Every structure is written in C-alpha cells, then in structure tokens.
Amino acid sequence: SCIPVIYGCMSIDALNYNPLANTQQVSASNLINPCIDIVDGCMNPSALNYNFEATVDDGTCIFCDEGEIDVTFSFNQENITTDEVYVYNQETGDTVFSVFPGELGVWAGKSELTCVPTGCYIVSMGSVSNQGWTDGSQLQILDDLTAEYFFLDVEAGSLDMTVVSLGGGECIDD
C-alpha cells in the first residue's frame with residue numbers, strides 16, 4: 001500500500017500547522033521548513049509598540065491621544081526588594097508608573113511603554129527599609145517626543161523627589 005505524500009507544517013505549535021501533513025517541507029523540490037512561528041504582538045504599523053515580527057495580533061497596540069506623548073519607564077532593581085518608585089502628574093496627581101516594595105524579586109526589572117499627557121511629573125523614589133535605597137536600583141525614563149532621557153537613582157537615602165518635564169516645557173523642582 002502506498003501512502004500519499006502530503007507536504008506542510010507538522011509542528012502543532014506553528015501558525016500554519018497542517019494536521020494532514022506527513023512530510024515537513026514545502027514541496028518535493030523545496031526542502032525548506034514551511035512552519036511559521038506564532039509570535040504574539042501588535043501588528044498595526046501605526047502603533048507605538050508595533051512588532052514587525054508578530055504573526056498574531058494580541059490586542060496590545062498602544063496609540064496616544066491628542067496632547068499625549070509616549071514614554072518608556074524602566075526600573076531595574078538590584079538586591080534589596082524594599083525599593084519603591086511612584087511617578088505622578090504634578091497637575092492631576094494621577095500615577096503613571098509605580099513599583100511597590102516587594103513587587104519585584106532580586107535583580108528584576110519592570111518596563112512599561114505608556115501614553116501620558118505632556119507636563120510636569122514628580123518622581124518619588126524611596127525604600128521602606130530604614131537602610132534606605134542603597135543597592136544601586138535605577139529608574140530610566142525615555143520621552144520619545146523630545147528624546148530626553150532621565151536616569152535616576154537615590155544615593156544612600158530613604159527618599160528622593162524629583163520633578164521632570166515630559167513632552168517639553170518648564171517645570172519647577174521645589
């Protein structure tokens with residue numbers, strides 16, 4: 001008895017899995033692996049977080065409203081997990097990024113791309129430990145509109161408040 005050759009992707013985890021395939025190649029003359037990996041991500045090229053490698057749109061596309069800018073907050077925690085960071089709008093008091101004490105493990109990080117209104121933001125960095133923020137943890141803020149990059153840490157202290165301008169403009173740091 002002769003079994004017909006059915007070319008296609010035999011990997012069940014692939015985007016184009018073919019349950020009928022019995023030969024993993026494109027055709028008799030094309031021996032290339034035909035499988036397409038599943039890559040979740042934003043597939044809209046107009047979005048801030050467009051992923052050109054995505055094969056499945058996961059609904060995470062980010063678009064800023066009029067008067068907002070895209071900002072990336074990245075916090076890297078070292079070996080003390082009591083550090084805390086809060087970034088909030090000076091005018092409205094709305095928190096736009098935070099890391100709570102104990103939220104992250106040792107040597108962990110948190111990064112977030114988000115849209116925020118242009119304006120002044122208060123960055124509060126501290127530690128619930130009475131030893132203060134002494135381990136080298138850092139907060140990085142990238143304002144994509146002005147390409148300003150803020151790199152903030154606390155020198156052996158328990159609290160630091162800094163005012164930064166996101167999207168341009170003058171801010172007063174009391």
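Things to note:
- The longest stretch of the chain left intact once loop-based GluC sites (Glu not before Pro) with at most 12 other Cβ atoms within 10 Å are removed from consideration, loops following DSSP, is 92-154.
- Most mobile listed residue (LEU139, LEU15, LEU31) in the chain, GNM with C-alpha springs under 10 Å: LEU31
- Taking amide hydrogens as placed 1.01 Å from N in the peptide plane, the amide H of THR146 sits under 5 Å from those of GLY167, each at least 5 positions away in sequence or on another chain.
- Computed magnitude of the charge dipole of the chain (debye, nearest 20; Cβ of K, R +1, Cβ of D, E -1): 1000
- For the chain: relative contact order, % (alpha-carbon pairs under 8 angstrom, 6 or more apart): 17
- Three-way shape label, the range 1-41, alpha-carbon gyration tensor, a/c 1.5: oblate
- Each 10 Å bin, from zero up to the one with the longest distance, holds this percent of the alpha carbon pairs of the chain: 9, 26, 23, 16, 11, 9, 4, 1, 0.
- Couplings for the range 33-40, taken from phi via the Karplus curve 6.51 cos²θ - 1.76 cosθ + 1.60 with θ = phi - 60°, read 5, x, 6, 10, 5, 7, 10, 6 Hz in order; Gly and Pro are left as x.
- Positive-end extreme of charge dipole, the range 1-136 - chosen from VAL39, ILE69, ASN79 (charges on Cβ): VAL39
- Under 5 Å from the amide H of ASN16 lie the amide H atoms of ILE36, each residue being 5 or more positions distant or on a separate chain, with H modelled from the backbone and absent for Pro and chain starts.
- Extension gain, ILE62 back to TRP107 (0.36 nm per residue minus Cα-Cα distance, nm): 13.4 nm
- Cysteines, the chain, no other Cys beta-carbon under 4.7 Å: CYS2
- Each residue of the range 46-51 was assigned a 3J(HN,Hα) from its phi angle through the Karplus curve 6.51 cos²θ - 1.76 cosθ + 1.60 (θ = phi - 60°); the sequence is 7, 7, 5, 10, 4, 10 Hz, with glycine and proline shown as x.
- Each label point was placed 7 Å from the Cα along the Cα-to-Cβ direction; for ILE38 and TYR149 their separation is 3.6 nm.
- Solvent-accessible area per residue in the chain equals 58 Å², computed with a 1.4 angstrom probe and all protein chains kept.
- Residue-wise HN-Hα couplings along the range 63-72, as the Karplus relation 6.51 cos²θ - 1.76 cosθ + 1.60 with θ = phi - 60° gives them from phi, are 10, 8, 7, 4, x, 10, 10, 8, 9, 10 Hz; Gly and Pro carry x.
The values are calculated or read from the model by the stated rules, or taken from the named source; none is laboratory data. This one's a predicted model, so the numbers in the text were calculated from it and none came from an experiment. Quick reminder, even Gly has a Cβ in these numbers, built from the backbone with ideal geometry, and neighbours come from all protein chains shown. For accessibility, only protein heavy atoms count, side chains too; no ligands or nucleic acids. Shrake-Rupley method; radii C 1.70, N 1.55, O 1.52, S 1.80 Å.
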